[in-house]
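To start, the structure under review is shown below, and the notes come after it.
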Number of protein chains: 2
Amino acid sequence: MVAMMQLAHTALAELTTPALLLDSTVLERNCDAMSRRAARHGVALRPHLKTSKSADVARLATRGHSGAITVSTIAEADYFARHGFDDLTYAVGISAGKVDALHRIQRMHGARLTLLADRVEAVQAVAARARALGARFKVLIEVDTGGGRGGVAPDDEHALLALAAEVQRSGALTLAGVLTHAGHSYHANGLAAIRAIAEAERAGAVRAAECLRAGGFEVDVVSVGATPTAVCAERLDGVTEMRPGVYTFFDLDQAARGICGIEDIALSVLATVIGHNPRSRRVLIDAGALALSKDESGAEFRDGLGFGLVCHAGNTRPLPGLRVAELHQEHGLIACDGDGAGHTPEALQEELQALFEALPIGGRVRILPHHACMTAAPYDRYHVVRGAGTQVHAVWGKARGWHAAGPDA
Amino acid sequence: MVAMMQLAHTALAELTTPALLLDSTVLERNCDAMSRRAARHGVALRPHLKTSKSADVARLATRGHSGAITVSTIAEADYFARHGFDDLTYAVGISAGKVDALHRIQRMHGARLTLLADRVEAVQAVAARARALGARFKVLIEVDTGGGRGGVAPDDEHALLALAAEVQRSGALTLAGVLTHAGHSYHANGLAAIRAIAEAERAGAVRAAECLRAGGFEVDVVSVGATPTAVCAERLDGVTEMRPGVYTFFDLDQAARGICGIEDIALSVLATVIGHNPRSRRVLIDAGALALSKDESGAEFRDGLGFGLVCHAGNTRPLPGLRVAELHQEHGLIACDGDGAGHTPEALQEELQALFEALPIGGRVRILPHHACMTAAPYDRYHVVRGAGTQVHAVWGKARGWHAAGPDA
C-alpha cells in the first residue's frame with residue numbers, strides 16, 4: 001500500500017508501460033449519470049463490478065445507493081467483502097464446488113451473498129453442500145429473456161415453480177427473486193433495437209416474478225441489467241434493481257453503437273512507442289494482445305477501430321486515421337487508415353514520415369480499448385488521472401484472477 | 001509455497017474452476033523433442049518463456065542446455081532472475097523507460113540481460129540512461145526477415161552498421177549479435193510454406209550477421225526462432241541459437257497447421273458445467289473469455305474449433321462434434337457441431353439429450369485452447385497432471401502481468 005501511494009503524483013511519462021489509466025473525471029460522470037437513471041426509474045442500482053474489479057470504483061458507483069454490488073468470480077466476491085461491501089450478488093450460475101469458498105467469504109467478512117440458479121439439480125447439489133457446512137444463501141432464479149445463456153424461459157411456469165419449491169425446501173437457501181441479463185443487447189444494431197430488448201428484458205423478468213408470486217412465493221428482487229438496456233430502457237415497471245457494469249468505464253464497443261461518446265471512455269492503456277518499421281508502415285508500441293486484449297467487438301458496428309484507437313498520452317482524443325492494426329503478445333502495431341492506398345509513392349512517403357513524426361520513438365500514447373472488461377482484467381492497478389492531465393493523482397488496486405486471496409489461495 | 005504444496009495430490013474434481021491444467025508427460029516430451037532438434041542443428045536452445053512464465057517449465061525446457069532463456073516483459077525477467085536464471089534475452093524492442101527496472105534485476109539477482117534494438121535513437125536513449133545508472137547491457141540488433149514487426153531489413157547495410165557503431169560507442173552497451181523472429185510463420189498455410197519462411201529467417205539473420213562482420217564488428221549471436229520455423233527448418237547453418245516458445249505447451253493453432261498433433265497439447269483449462277440451456281442448445285461452463293481468451297487463431301486453418309475443443313476432465317481427447325461456441329466474460333457456451341441443421345425435430349431433441357447427458361451439470365470438462373500463450377497468461381499457477389490421470393501431482397507458480405515483484409511493484 002505504501003508502495004502504491006508513492007506512485008501517486010508521478011507524471012505519465014515516468015510510468016512503466018503498459019499501464020492502465022483511468023480518468024476519474026469521466027468515471028464519476030458515468031457513475032452519476034447511471035445513478036440518476038436508476039433513481040428516475042425508481043429502481044435500486046447494484047452495479048456489476050466485473051468491469052473494474054476495484055473497490056474505489058465500487059465506492060463511486062454505489063454513491064447515494066445501498067452499496068449493493070454484483071460480482072462474477074470468487075476472487076471478486078472475496079476482494080469486495082474484504083473491502084467492506086457486504087451485499088453481493090454472484091451473478092454466474094452457481095455450482096456446488098464453489099460453495100465452500102463462498103461460505104468462507106460470508107463467515108470471514110460478514111458479507112451476504114446471493115446466488116444464481118436455473119436448474120433443480122444444481123440447487124440440490126448446492127443446498128446439500130451448504131447444509132453440510134451450516135451455510136445459508138439467498139438465491140435468485142435466472143431467467144433467459146433472449147440472451148440464450150443461462151436461465152429458464154420467463155413463461156416456463158413449471159420450471160420456475162419447481163426451482164422455487166426446491167430452493168425453499170432446501171433448508172439452506174432462501175428465495176430472493178429473479179434475475180435476467182440481456183447480454184444479446186451487446187449485439188443489437190441501433191438504439192431502437194436495444195430499447196426493444198430492454199422492454200423484453202423487463203417484461204420477461206416481471207412475468208417470471210408474477211408467475212412465482214401466483215404460485216405463492218415471495219419475490220423481493222426483480223433484477224435486470226446490461227449497460228445497453230440500462231441506458232436505453234424507457235420504463236422499468238415491476239423491476240426492483242438494475243445491474244449494469246461497463247458504463248463505469250465505457251469503451252469503443254459501446255461508443256460504436258451510440259451508447260456513449262468517445263469522450264465518455266474513462267479507461268485507456270498507456271504505451272511506449274518502441275519502434276518504427278518503414279517497410280511494413282507500422283509504429284510499434286509495447287502494448288500487445290495481453291495488455292489490450294484481442295477483443296474487437298466494436299468492429300461489429302464501426303469500421304476503422306482496429307484493436308483500439310490511438311491518442312497522445314495527455315488526452316483521449318483519437319488521432320485521426322490511426323488504429324492498432326495488429327497485436328502480438330507484447331507488441332501492438334499502429335497503422336494509418338487506408339494505409340496510403342491509391343497514393344503516389346511521394347504521398348505514401350510523406351504520410352509515413354508524418355506518422356513517425358507524430359509518434360516518435362520513446363514517446364507515449366494512450367490506446368482506447370474495444371471492451372473495457374477484457375482490457376482491465378489482467379492488470380493489478382489503475383493509474384488515476386483527471387481529464388487531460390498528465391499527472392497520476394492516485395493508484396487504485398483491484399482484484400484479478402479467479403481465486404480468493406488468503407491462506408488457501 | 002506451503003499453501004501451494006497442499007494442493008498437490010488433490011483430485012481434479014476438487015479444484016476450484018476455472019483452473020489451468022498442465023500435463024507434465026506431454027510437456028516433457030515436447031521439451032525433449034525441441035532439445036533434440038536444436039542439438040541436431042548444432043544450435044543452442046534459448047526457449048521463449050513468455051508462453052508458460054514458469055520456472056518449473058523453464059527447467060524442463062533448458063534441460064541439457066545452458067539455462068539461457070528468452071522473456072518478453074519485465075515481470076518475466078524479474079521472476080526468472082529470482083528463480084536463478086541468469087542469462088536472459090529480453091526480446092521486445094527496448095526503450096529507455098525500462099532501463100531502470102532491468103538494471104535493478106541485473107544488480108539484485110546477478111542476471112545478465114541482453115536487449116534488443118533496431119533504431120539508433122532508441123540505442124542512444126537507452127545508453128544515456130544506462131550510463132547514468134552505471135549499468136551495462138548486451139545488445140542484439142533486431143532484423144526483420146519478413147514478419148513486418150520490429151527490425152531492420154537484412155540487406156540494409158547502412159542501418160545495420162550505424163546501429164552497431166552506435167552500440168559500440170555508447171560506453172554502456174556491447175554488441176552481441178543479431179536476432180530475428182519469423183512471426184509470420186504463424187499465418188503460413190502448409191509445411192512447405194513454413195519451411196520457406198524458416199529458410200528466409202535463417203538466411204536473413206545470417207546475411208545481417210555477415211554484413212556486420214564485414215564491417216569489422218564481432219557477432220557472437222545469430223538468433224532465430226518461432227515454433228513453426230523451429231519445427232520445420234531443414235538447416236540452420238550460420239545460426240547460433242533458436243528461441244521457440246509455444247512448443248512447450250502447443251495448442252489448437254499449432255495443431256490446425258500440422259505443427260503438432262492434438263495429443264501434443266499439454267495445456268488445458270478445467271471448467272465446471274454450470275447450466276444447460278435447451279432453448280439455445282447450449283451447455284454452460286464457468287470458463288469464459290478471461291479463462292480461455294478470445295483468441296481463435298486456429299480458425300485460420302481449421303473449421304469447427306470454436307473458441308476451444310471440449311474433453312472430459314480425465315483426458316485431452318476432444319469429444320466429437322463439440323466446441324466452445326460463444327464466450328462471455330466468465331461463461332463459456334458449448335454447442336454441437338452443425339447444431340442439428342437439417343435434422344428432424346426428434347433427432348434434434350435426441351442430439352440435445354445426448355449433449356446434456358454427456359456433460360451433466362456439476363460435471364467437469366477440459367478445454368483445449370487455441371493459443372496457449374494467451375490462455376495461460378492471466379493465471380497464477382498450473383495444476384500439473386500426468387497423462388490421463390485425474391490427480392494433481394504438483395502446483396507450479398508462474399509470473400504474470402508486467403511489473404517486477406518487490407518493493408516498487
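The values are calculated or read from the model by the stated rules, or taken from the named source; none is laboratory data. Here the structure is a predicted model, which means the values were calculated and not measured. Glycine also receives a Cβ, built like all others from the backbone with ideal geometry; neighbour counts cover every protein chain displayed.
Does the range A:104-145 hold any residues that are at pLDDT 95 or above and on the phi > 0 side of the Ramachandran plot, and which are they?
Across the range A:104-145, the qualifying residue is only A:Gly134.
Can you report the number of residues in the range B:326-371 which are crowded, with 20+ Cβ neighbours inside 10 Å and not charged (D, E, K, R)?
18
Quick one: is B:Asp303 within 11 Å of chain A (Cβ to nearest Cβ), under 30 Å from the mean Cα position of the chain (by Cα) and part of a loop (DSSP other than H, G, I, E, B)?
For B:Asp303, the condition - within 11 Å of chain A (Cβ to nearest Cβ), under 30 Å from the mean Cα position of the chain (by Cα) and part of a loop (DSSP other than H, G, I, E, B) - is not met.
Has the range A:165-184 got at least one residue that is in a helix (DSSP H, G or I), surrounded by 20 or more Cβ atoms within 10 Å (Cβ to Cβ) and in contact with an Asp or Glu (Cβ under 8 Å, 6 or more places away or on another chain)?
no
Scanning for something under 24 Å from A:Asp78 (Cα atoms), modelled with pLDDT of 95 or more and more than 29 Å from the chain's Cα centre (by Cα), does the range A:171-189 turn up at least one residue?
Scanning the range A:171-189 turns up at least one residue that is under 24 Å from A:Asp78 (Cα atoms), modelled with pLDDT of 95 or more and more than 29 Å from the chain's Cα centre (by Cα).
Test A:Val123 against the criterion of being buried (at least 19 other Cβ atoms within 10 Å of the Cβ) and touching a Lys or Arg at 6+ places or on another chain (Cβ under 9 Å), and give yes or no.
No: the conditions fail for A:Val123.
What are the residues in the range B:80-94 that are within 14 Å of chain A (Cβ to nearest Cβ) and outside any strand (DSSP E or B), if any?
B:Ala91, B:Val92, B:Gly93, B:Ile94
Scan (1) surrounded by 23 or more Cβ atoms within 10 Å (Cβ to Cβ); (2) β-branched (Val, Ile, Thr); (3) within 14 Å of chain A (Cβ to nearest Cβ) for the single condition B:Val57 breaks and write down its number.
(3)
Among the listed residues B:Ala55, B:Ala44, B:Ala77, B:Ala68, identify the single one that is in contact with a helix residue (DSSP H, G or I) (Cβ under 9 Å, 6 or more places away or on another chain) and closer than 28 Å to B:Glu234 by Cβ.
It is B:Ala44.
Just a yes or no: is a residue in the range B:228-244 closer than 30 Å to B:Thr390 by Cβ and among the β-branched types (Val, Ile, Thr)?
no
Among the residues of the range A:384-392, is any within 28 Å of B:Ala291 (Cα to Cα), outside the structural domain of A:Val57 (by TED's automatic domain parsing) and crowded, with 17+ Cβ neighbours inside 10 Å?
Yes; the residues of the range A:384-392 include at least one that is within 28 Å of B:Ala291 (Cα to Cα), outside the structural domain of A:Val57 (by TED's automatic domain parsing) and crowded, with 17+ Cβ neighbours inside 10 Å.
Please give the number of the condition B:Ser293 fails out of (1) within 14 Å of chain A (Cβ to nearest Cβ); (2) without any contact (Cβ under 8 Å) to a residue 60 or more places away in the chain; (3) among the polar types (S, T, N, Q).
With respect to (1) within 14 Å of chain A (Cβ to nearest Cβ); (2) without any contact (Cβ under 8 Å) to a residue 60 or more places away in the chain; (3) among the polar types (S, T, N, Q), B:Ser293 is out only on (2).
Among the listed residues A:Asp156, A:Asp118, identify the single one that is within 14 Å of another protein chain (Cβ to nearest Cβ) and free of Cβ contacts under 8 Å to residues at least 24 places away in the same chain.
Result of the check over A:Asp156, A:Asp118: A:Asp156.
Based on this model, can you work out whether B:Ala214 counts as small (Gly, Ala, Ser), surrounded by 24 or more Cβ atoms within 10 Å (Cβ to Cβ) and either touching a Lys or Arg at 6+ places or on another chain (Cβ under 6 Å) or away from chain A (no Cβ under 14 Å) (or both)?
In short, no.
Suppose we filter A:Ala75, A:Ala39, A:Ala33 for residues that are within 14 Å of another protein chain (Cβ to nearest Cβ) and surrounded by fewer than 23 Cβ atoms within 10 Å (Cβ to Cβ); which single one remains?
A:Ala75
Restricting to the range A:171-203, give me the number of residues that are among the β-branched types (Val, Ile, Thr) and within 28 Å of A:Glu218 (Cβ to Cβ).
Count: 3.
List the number of the failed condition for A:Gly97; all other conditions in (1) of a type outside the set (A, V, I, L, M); (2) within 23 Å of B:Asp380 (Cβ to Cβ); (3) assigned to a loop (DSSP other than H, G, I, E, B) hold.
The one condition A:Gly97 does not meet is (3).
Can we say A:Glu142 is surrounded by fewer than 23 Cβ atoms within 10 Å (Cβ to Cβ), of a type outside the set (A, V, I, L, M) and within 12 Å of chain B (Cβ to nearest Cβ)?
no
What residue, of B:Val206, B:Val273, B:Val310, B:Val246, is in contact with a strand residue (DSSP E or B) (Cβ under 7 Å, 6 or more places away or on another chain), among the β-branched types (Val, Ile, Thr) and within 11 Å of chain A (Cβ to nearest Cβ)?
Matching residue, one of B:Val206, B:Val273, B:Val310, B:Val246: B:Val273.
Looking at the range B:63-72, which of its residues are surrounded by 24 or more Cβ atoms within 10 Å (Cβ to Cβ) and either of a type in the set (Gly, Ala, Ser) or within 14 Å of chain A (Cβ to nearest Cβ) (or both)?
B:Thr70, B:Val71, B:Ser72
Working carefully through the options B:Arg302, B:Arg279, find the one that is closer than 15 Å to B:Pro369 by Cβ, of a type in the set (Lys, Arg) and surrounded by fewer than 24 Cβ atoms within 10 Å (Cβ to Cβ).
The unique qualifying residue is B:Arg302.
Go through (1) farther than 30 Å from B:Asp144 by Cβ; (2) in contact with a Leu (Cβ under 7 Å, 6 or more places away or on another chain) one by one and return the number of the condition A:Val273 breaks.
Against the list (1) farther than 30 Å from B:Asp144 by Cβ; (2) in contact with a Leu (Cβ under 7 Å, 6 or more places away or on another chain), A:Val273 comes up short only on (1).
Do you know which residues across the range A:224-256 are surrounded by fewer than 22 Cβ atoms within 10 Å (Cβ to Cβ) and of a type in the set (Lys, Arg)?
Residue satisfying the conditions is A:Arg235 alone.
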